[in-house]
Amino acid sequence: MLFYSTNKQSSPVSFSQAVLTGLAEDGGLFMPETIPSLSRSFFQEIDKMPWPEIAFQASQAFLEEEIPLPELRRMITEVVNFPVPLHELSPQTHILELFHGPTLAFKDFGARFMAQVLSFLAQKREQKTVILVATSGDTGSAVAQGFLNVPSIEVILLYPQGKVSRIQEQQLTTIGENITALEIKGTFDDCQSLVKKAFTDIDLKRKMQLTSANSINIARLIPQSFYYFFAYASLSDKNTPVVFSVPSGNFGNLTAGLIAQKMGLPISHFIAATNRNSVVVEYLQGQEFTPRTSEKTLSNAMDVGNPSNFTRMLELFGHSRSQMQEKINGASFSDEETLAEIQEIHQKHNYILDPHTAVASLAWKKYQKEIFPDHQGVVLSTAHPAKFCETVQQALGQEPEIPERLQKCLEREKKTTVLSKEFAEFKEFCLGR
Ligand SMILES: *Cc1c(COP(=O)(O)O)cnc(C)c1O
């Protein structure tokens, strides 16, 4: 299968090429040329299948020409090695807990799968591969965990000094081994521009094989469709139509759900749940799509003013707004509403939501009341509440319980190298390794 660019100005490429280049030459995002349908028997037997088998069958058609199938199976077993429980809040509302991976956020699925694919591709090369990742918090540690101790791969994480939370910083800077964290005296944009410059630098290119691991990589999108299948497999009632409410920032999560639906998964509707950064919601409500600078909110992983996967969503609906509106409803909520929702769910159900999940919970409740009273809702829970202690504390006056693996990482010693945002300094650091 080939992967085409959403800008349609460059030629389609193989999966490996799409993964290694990240972005198409014409600046577009890669999309699979066709989306295969899974068989009727797959869906009839889905609740009897082990999850790695579900994931294997859901990804096989995209990847089989380039990854030998036993290798693909092995990768999936490495990636899907933690539980994904479907927690029932009420008969009509389920919370899909996507936060039981190593970094307690749903990004573990995509980042770990991409790490597996990149290390497989790197084995074919002679040089050591260096993965550069600019991160504003969550992505860096998820990617790094995926590459931890992978032979012939080194990961350099760049994060903006003083602009990530304490927990995020501990997660980024205590991994060690083949993972190096650089604390950049600048913003996330400065980190990103250092990475971009590195890719065009001749000296660096000569010395090492550089690869990026950014969020638009197709190898992160495909595995994010797996858990929609897992959720469906876990539902005891498969006759009541299912609506997925997805906390959204760059819309990679929701786009993966659309792909699962195209593969035949019986999803009735999606709800795009956002905070104040609501350009996609506005588009769904009939306004122009107008990207703008993002606003800071409590659900900060969704503070995106120009969601990169929107172009993939347009492709999936043949650039028709009305077709998109038939499948996706949008809603956006304020920080005050988010805090109140954390409180309400805790009071009613003795269950603690993180702020991102709270936004999706609000969105499901709104549409359940207005248009889906006869449906069941799956609210995707994208982060463990302990990752957002301060916000939970603010809402409930108590902190959530900290899982052991997070506690351990909080106790470890931080190791970083502090660099200015000057490219020369960064380059010298890389060449000196
Ligand atoms: C990244 C992230 C999101 C947004 O996911 P997208 O795929 O960018 O829409 C939501 N919640 C959490 C906790 C995240 O880390």
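Where a number appears in this text, it was derived from the coordinates with a stated rule and is not lab data. Since we're looking at a predicted model, the values are computed, not measured. Virtual Cβ from ideal backbone geometry, glycine too; neighbours counted across all protein chains shown.
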Pull up the DSSP beta bridges for the chain and report the antiparallel fraction as a percent, rounded to 5.
20
Short version: what are the Cα gyration tensor semi-axes of segment 169-309, square root of 5 times each eigenvalue, largest first, in whole Å?
34, 21, 15
At a threshold of 8 angstrom on Cα-Cα distance, excluding pairs fewer than six apart, so keeping six or more, what relative contact order does segment 1-141 reach in percent?
16
Tensor-based shape of segment 302-433 (alpha-carbon gyration tensor, a/c under 1.5 rounded, otherwise prolate or oblate)
oblate
How high is the relative contact order of the chain, in percent, with contacts defined as C-alpha pairs under 8 Å that are six or more residues apart?
18
Sparsely packed GluC sites (Glu not before Pro) within segment 390-420, loop by DSSP, other Cβ within 10 Å at most 14
GLU401, GLU413
Could you work out the percent of alpha carbon pairs in the chain separated by over 35 Å, rounded to a whole number?
25
Scoring segment 207-344 by relative contact order with C-alpha pairs under 8 Å, at least six apart, yields a percentage of 25
Mind running the shape call on segment 247-360? Use the C-alpha gyration tensor, a ≥ b ≥ c as the square roots of the eigenvalues: rounded below 1.5 for a/c, prolate if a/b tops b/c, oblate otherwise.
oblate
Need one word for segment 100-218: rounded, prolate or oblate. Basis is the Cα gyration tensor (sqrt eigenvalues a ≥ b ≥ c); a/c below 1.5 gives rounded, then a/b vs b/c decides.
oblate
Calculate the length of the line joining the C-alpha centroid of segment 1-57 to that of segment 154-176, in whole Å.
31
Which order results if THR174, THR77 are arranged by neighbouring Cβ count within 10 Å, fewest first?
THR77, THR174
Among CYS191, CYS409, rank each residue by its count of other Cβ atoms within 10 Å, from fewest to most, as a rough exposure measure.
CYS409, CYS191
Suppose each label sits 7 Å from its Cα in the direction of the beta carbon; what would the ARG412-ALA340 distance come out to in nanometres?
4.1
Quick check: the distance between the Cα centres of segment 297-354 and segment 368-433, to the nearest angstrom?
18
When the C-alpha atoms of segment 62-135 are aligned to their principal axes, what extent does each axis show, in angstrom, from largest down?
54, 31, 18
For segment 207-258, what is the convex hull (Cα atoms) projected area averaged across all directions, in square nanometres?
4.8
With each pseudo-label sitting 7 Å past Cα toward Cβ, what's the GLU45-PHE423 distance in nm, one decimal?
5.5
Within segment 73-184, percent of DSSP bridges classed antiparallel, to nearest 5:
25
To the nearest 20 debye, what charge dipole does the chain have about its Cα centre, counting +1 at the Cβ of each Lys and Arg and -1 at the Cβ of each Asp and Glu?
700
